[in-house]
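> This is the structure, below, for whatever I ask next.
The values are calculated or read from the model by the stated rules, or taken from the named source; none is laboratory data. Remember, predicted model here, so these are calculated numbers, not experimental data. No Cβ is skipped: glycine too gets one built from the backbone with ideal geometry, and neighbour counts run over all protein chains shown. Please note that ligands, DNA and RNA were not included when accessible areas were found on the heavy atoms of the full protein model with its side chains. Shrake-Rupley method; radii C 1.70, N 1.55, O 1.52, S 1.80 Å.
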Amino acid sequence: MSTVLDPTAAQIPDSLTDLDLQATAAIGRAIDALAGRRVAVLTGAGVSTDSGIPDYRGKGAPVRTPMTVQQFLSSEAARRRYWVGSHLGWRAFAAAAPNAGHEALVALENAGIATGIVTQNVDGLHVRAGSRRVVELHGTMRRVLCTHCGQVFDRRDLAARVESDNPWIAIPDAVELGPDGDVLPGSTDGFVVPVCTVCGGMLKPDVVFFGEYIPIAKFTEAEQLVRTSEALLVAGSSLVVNSGIRLLERARRRKLPVVIVNRGETRGDGRATVKIDAGTSEVLRRLAGALPAAR
């Protein structure tokens, strides 16, 4: 049965109702596919763009050459460059607030529809929005680890120490922020790199760098979330990273409905039950307004 969308009933702000007829029709098909099912959610950088955090691969995204874990671990100069840029970006990154898409996913969880969120993002916005079951596949910028003794530090405490050790460092009025909370600093001369206060060892943010593998336990947790659900909703991911496409494949093999919401093409479009080419905030708000009533 075709679902009739009523933006008023869904209490969607006017700024979130500007969808074309094709996208609106696709949302109706998505509601039909997801109705009455327990839904696992996989999110990527596109979910956070409305919070001011840019996408890696979206249209207009700048070409970036992220630092690899090998560079970080082997080069003091690379670590100095990383920590200057990461600190400058952290302040703007930490100031970002959850958007309507994050809030819609909280509503779906509270309604007993979303079983949890597997996110490729390191911004922590799902947790800050109030989502309770969040699997952060690529880690989080909230924590910093010692690579020698394993001591864990809160990023806020480390940021205060960085500014105390480097009083000259200042936050620019306009920071060009990356999806991982990094910016390209103009200079790293004289910067004092933070070290572990317990053993003096090397510190590293609790994130998966390029060239690193996702911890097995973390991916197993994500697989379990998909395995115990009856549908998969992908939001804001191009599925270029293998972890995302592997989870989609797990759902497809079980013949679960798969709904993808993303601006532009993704690697999973050919395997989706429904593909919605639109912004995640608009679509997720509509799903959160319609799915509880469709149960």
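> Those residues that are within 22 Å of Ser238 (Cα to Cα) and of a type outside the set (Ser, Thr, Tyr), I need them from the stretch 128-150; list them, please.
Let us first name the residues in the stretch 128-150 that are within 22 Å of Ser238 (Cα to Cα), namely 134-141.
Residues satisfying the conditions are Val134, Val135, Glu136, Leu137, His138, Gly139, Met141.
> Could you pull out the residue among Phe72, Phe153 that is outside any helix (DSSP H, G or I), at pLDDT 90 or above and of a type in the set (Phe, Trp, Tyr)?
Phe153
> I'd like to check something: does the stretch 80-98 contain any residue that is of a type in the set (Gly, Ala, Ser) and modelled with pLDDT of 95 or more?
Within the stretch 80-98, one or more residues are of a type in the set (Gly, Ala, Ser) and modelled with pLDDT of 95 or more.
> Would you call Val69 open to solvent by less than 20 Å² (accessible area, probe 1.4 Å) and closer than 26 Å to Ile216 by Cα?
yes
> For the stretch 168-181, check the following and say yes or no: at least one residue is in a loop (DSSP other than H, G, I, E, B), under 15 Å from Leu73 (Cα atoms), open to solvent by 20 Å² or more (accessible area, probe 1.4 Å) and at pLDDT 70 or above.
The answer is no; no qualifying residue exists.
> Taking the stretch 93-132 as the region of interest, how many residues are small (Gly, Ala, Ser), crowded, with 18+ Cβ neighbours inside 10 Å and touching an Asp or Glu at 6+ places or on another chain (Cβ under 9 Å)?
So the answer is 7.
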